[in-house]
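Undergrad: This is the structure, below, for whatever I ask next.
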Amino acid sequence: MGAAFFQEVSTAGESRLFELSGLSESGPGLSERRRPTVIPELYRAFREERRTLVDILWEQHRFHESRRWNAVELVESVRPENLTDLDRFVVWSAGRAEMTAKPSADRMARLADVECRRWQGKDDALASVIQALGSWSRYWNEEESHHEMGFSQLALQLGFEPLSDASVIDYRKVFPDDDLLRTLTMLSFSEGIAAVNYGQYARHVRDPSLRMLIKQVGADEVQHMQYFISFAKALADSGAYAPKESFAVAHLFLREGGELYGSSRAHVEYRGTHTNWWDHLEDGAGKAAAAPEALERKRTLILHALKRITGISCSSPQEVEDVWMDLVGD
Ligand SMILES: [Fe+2]
Ligand SMILES: [Fe+2]
């Protein structure tokens, strides 16, 4: 099967994620005909098609370049007088939330390199998949810096107090290490949740530049989700990582009072190990993020990602729990 097949499958997969997240598929680079893509069957690409890291990394690079956009230009063209109190709050909280992406990407680069070397000589296709993940984390990190800088600089422009150095350092706290499939599954869900949140906010915003900024960031989050699904699926496809780990994470998000409900929960959790951005949303922004239609989209997106990663389809949180219990018992 050639590259054209994967391009078609991947493009359809991406459109589906856009549809599920509630973000419309538009923006620079997204409507080109022969655009680069996220490879949906990465383990097979290395193992059966004998594709190489040089080839896959070029595809990643082409994709990254095709989607680049200018945060400075968008921030400078926002007209503060067009912004409501909710818009201002969304900008401020998104700026803080996005600060936690860098430690996550830093950790991924380190973890992936260690894990890749563990598989060399045992399963070389898997070692290549994980090296592709570590290499891709450089684009992920760079794209997240657009988000962080865009929103946090705009917040300053709107008159919010700058963060102290101690707060910046606190936001950079690195998450504890975990099983790689669990980590990738969690990240695919977090990116999906972020995409839905941005989709929700974009609907409320009147200023065209702020709306564009939010939509660009949301489109990046959809693309990040797509990459995490691709890497997680490749790990599961190799047979070396147990799908029950993905189900454990899905259960953690979907269970009553789980991660999915974030700021809509009655209390805000303090986590000594890291900062989770959805725990910090309050007032109007929290309401927009936790609106019933947003929660439904997030649930659907998580179930969709879980199916793409593991190949097992579930239609409700209860079914996820049942399958998880079965997998744990096996
Ligand atoms: Fe982001
Ligand atoms: Fe992201």
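The values are calculated or read from the model by the stated rules, or taken from the named source; none is laboratory data. Being a predicted model, the structure only gives us computed values, none of them experimental. Don't worry about glycine lacking a Cβ; one is built from the backbone with ideal geometry, like all the others, and counts go over all protein chains shown.
Undergrad: Anything in the range 23-68 that is among the hydroxyl-bearing types (Ser, Thr, Tyr), within 21 Å of the chain's Cα centre (by Cα) and modelled with pLDDT of 80 or more? List them, or say none.
TA: 37, 43, 66 - these are the residues of the range 23-68 that are among the hydroxyl-bearing types (Ser, Thr, Tyr), within 21 Å of the chain's Cα centre (by Cα) and modelled with pLDDT of 80 or more.
Undergrad: Let me ask you something else. On the given criteria, is residue 145 of a type in the set (S, T, N, Q), at pLDDT below 95 and surrounded by fewer than 23 Cβ atoms within 10 Å (Cβ to Cβ)?
TA: Criteria not met by residue 145.
Undergrad: While we're here: Yes or no: residue 109 free of Cβ contacts under 8 Å to residues at least 40 places away in the same chain, within 16 Å of ligand 2 (Cβ to nearest atom) and in contact with a helix residue (DSSP H, G or I) (Cβ under 8 Å, 6 or more places away or on another chain)?
TA: On the way: free of Cβ contacts under 8 Å to residues at least 40 places away in the same chain: yes; within 16 Å of ligand 2 (Cβ to nearest atom): yes; in contact with a helix residue (DSSP H, G or I) (Cβ under 8 Å, 6 or more places away or on another chain): yes.
For residue 109, the condition - free of Cβ contacts under 8 Å to residues at least 40 places away in the same chain, within 16 Å of ligand 2 (Cβ to nearest atom) and in contact with a helix residue (DSSP H, G or I) (Cβ under 8 Å, 6 or more places away or on another chain) - is met.
Undergrad: Name the residue, out of 111, 83, 74, that is closer than 19 Å to residue 188 by Cβ and surrounded by 14 or more Cβ atoms within 10 Å (Cβ to Cβ).
TA: Details: 83 fails: closer than 19 Å to residue 188 by Cβ; 74 fails: closer than 19 Å to residue 188 by Cβ.
Just one listed residue meets the conditions, 111.
Undergrad: Continuing with this model, one more query. Can you give me the number of residues within the range 218-233 that are more than 11 Å from ligand 1 (Cβ to nearest atom) and of a type in the set (D, E, K, R)?
TA: 1
Undergrad: Restricting attention to the range 187-204, report how many residues are over 22 Å from residue 177 (Cα atoms), more than 10 Å from ligand 1 (Cβ to nearest atom) and under 11 Å from the mean Cα position of the chain (by Cα).
TA: Summing the residues that are over 22 Å from residue 177 (Cα atoms), more than 10 Å from ligand 1 (Cβ to nearest atom) and under 11 Å from the mean Cα position of the chain (by Cα) in the range 187-204 gives 1.
Undergrad: Out of all the residues in the range 81-93, which are out of contact with any Gly (no Cβ under 7 Å at 6 or more places or on another chain), farther than 14 Å from residue 152 by Cα and touching a residue at least 60 places away in the same chain (Cβ under 8 Å)?
TA: Initially, the range 81-93 is screened for residues out of contact with any Gly (no Cβ under 7 Å at 6 or more places or on another chain), giving 81-85, 87-88, 90-93.
Within this subset, residues satisfying the condition of being farther than 14 Å from residue 152 by Cα are 81-85.
Listed by number, the residues that qualify are 82, 83, 84, 85.
Undergrad: From 156, 184, grab the single residue that is surrounded by 18 or more Cβ atoms within 10 Å (Cβ to Cβ), among the aliphatic types (A, V, I, L, M) and assigned to a helix (DSSP H, G or I). Reasoning before the result, please.
TA: On the way: 156 fails: surrounded by 18 or more Cβ atoms within 10 Å (Cβ to Cβ).
Result: 184 is the single residue among 156, 184 that is surrounded by 18 or more Cβ atoms within 10 Å (Cβ to Cβ), among the aliphatic types (A, V, I, L, M) and assigned to a helix (DSSP H, G or I).
Undergrad: So, one more: Out of the residues in the range 159-180 that are touching a residue at least 40 places away in the same chain (Cβ under 8 Å) and part of a helix (DSSP H, G or I), which is nearest to ligand 1 (Cβ to nearest atom)?
TA: 171
Undergrad: Charged (D, E, K, R) and within 16 Å of ligand 1 (Cβ to nearest atom), is that true of residue 102?
TA: Yes; evaluated as a whole, the condition is true for this residue.
Undergrad: Still on this structure, please answer the following. Please work out which residue is farthest from the chain's Cα centre (by Cα), limiting yourself to the range 121-178 and to residues that are within 16 Å of ligand 2 (Cβ to nearest atom) and under 21 Å from residue 245 (Cα atoms).
TA: 175
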